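Report on one structure; see the data block that follows.
What follows is calculated from the coordinates using simple rules that are stated; it is not laboratory data. The model shown is predicted, which means the values in this text are computed figures rather than measured ones. Backbone-built Cβ (ideal geometry, glycine too); neighbour counts: all protein chains shown.
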Amino acid sequence: MFGFRLDAVDGAARAGTLTLPHGVVRTPCFMPVGTRGAVRGLHPDEVARAGAQIILGNTYHLHLRPGEDVVAAFGGLNRFSGWERPMLTDSGGFQVFSLSASARLDEDGVSFQSHIDGSHRRLTPESSVEIQWALRSDIAMAFDHLLPGQSTHAAALDAMQRTHRWLERSRRRHDELSGASAGRQALWPIVQGGTHPDLREASLSGILERGEWTGIAIGGLSVGEPKPVMHRVIEDLGPHLPTQLPRYLMGVGFPDDLIEGIARGIDLFDCVAATRNGRHGSAWTADGKVNVRGSSLRLETGPLDPECDCEGCTRFSRGYLRHLFVAEEQLGQRLVSIHNIRFLLKLGETARERIIDGTFEAWAAGWRQRYFAKGGVEQ
């Protein structure tokens, strides 16, 4: 039920085919984020028509509401949400550390208060795995200890070592739950270590020493460090990553992030930025960002992006989209969200084509030049 085939390479960039219980994912690929069991404001069919092959669900939020027991009663998150294609769930670790100011960490796990009702909760490697097993995602992530991007070497070392210990507990519990259903869900480990190259290598070595995996994630990036530092971490780590495993860069997904990540060998990405920016009227195009609320669009009759084939760009004008935002009509937010998702998905599709035909590096160089021609993109 789980497999990965490397179809082509161009430099460090890779095109692959990932086989999962709910279907096949062709990489490189962006995963839209369905935090609470839905990609914000969008129907599952709209997300599928935009080209999404796999989406992400969030353990923390689904645990708090409606609860994994409710989702399990419906037969899992796919059936509960109406999404029929593959799904990945994160461990909840990022949200515990970022959303709960009162989070208290110890060796066993993390205690925190719900941001919804203030109730006291606890998340451990075992309970994170149990929640994800109940959600029935194709891929579950091991519980890890996340730190801000500028953390010291000592702090990053401590978190990395704890992540190793938690990985052993996550895997043990996942194996217990899987039993004869080992083909139902894969557990993927997460490389940590901050921005410190020696710790990143040590994290990866510790992961590989702890068994065989069907995929591997890189976490703890895009959490405050400058982008060139993030690029360096990925580039330094790349040669040490097993070629036969798909590589997932967690929580990273602006357009230029995809180009730079793919160029350094990343296969999978996720980020809430596409829909979050869309709801605020910020649209991505090959020529940079478009502020859909801007008065300059008031009489523009052309599409938001003439090169895009999304449901908004093929039917509506820039002037109409601006009107929707000014009039506070939710359709505007939805259409620009769809556009941004489609823009990233198409970027992955085109990158795959270029990798396969051996022209990725030249294409990526031209893409960067055009995207940043107006002095960069606000993020």
Across all Cα atoms of region 278-371, Rg and the largest Cα-Cα distance (Dmax), in Å, are 14.4, 47
Return the whole-Å distance between the Cα centroid of region 302-319 and the Cα centroid of region 208-237.
-> 36 Å
For region 342-364 and region 2-58, compute the distance between their C-alpha centroids and round to whole Å.
-> 15 Å
Mind ranking 54-63, 295-304, 149-158 by how tightly packed they are, going by the mean number of other C-beta atoms within 10 angstrom, highest first?
-> 54-63, 149-158, 295-304
Taking N as the number of residues in region 28-168, the ratio of its alpha carbon radius of gyration to 2.2 N^0.38 Å works out to 1.09
Nearest 5 is fine: what % of DSSP beta bridges in region 205-364 come out antiparallel, could you say?
-> 50 percent
Mean Cβ-within-10 Å packing, highest first, puts peptides 111-123, 176-188, 38-50, 330-342 in the order 330-342, 38-50, 176-188, 111-123
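Averaging over all projection directions, find the projected area of the Cα convex hull of region 156-260 and quote it in nm² with one decimal place.
Values: hull surface 28.2 nm².
Mean shadow area of the hull around the Cα atoms is 7.1 nm².
R0 = 25 Å: FRET efficiency of E209 with M1, Cβ-based, nearest 0.05?
On the way: r = 25 Å, r/R0 = 1.00.
Using R0 = 25 Å, I get an efficiency of 0.50.
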Per-selection metrics, the chain (Cα): Rg and Dmax in Å = 20.4, 62
List the DSSP H helices in the chain whose Cα atoms stretch 30 Å or more along the helix axis and whose mean Kyte-Doolittle hydropathy is at least -0.5.
-> 330-357
Which semi-axes, in whole Å and largest first, does the equivalent ellipsoid of region 177-237 have when worked out from the alpha carbon gyration tensor as the square roots of 5 times its eigenvalues?
-> 28, 13, 8
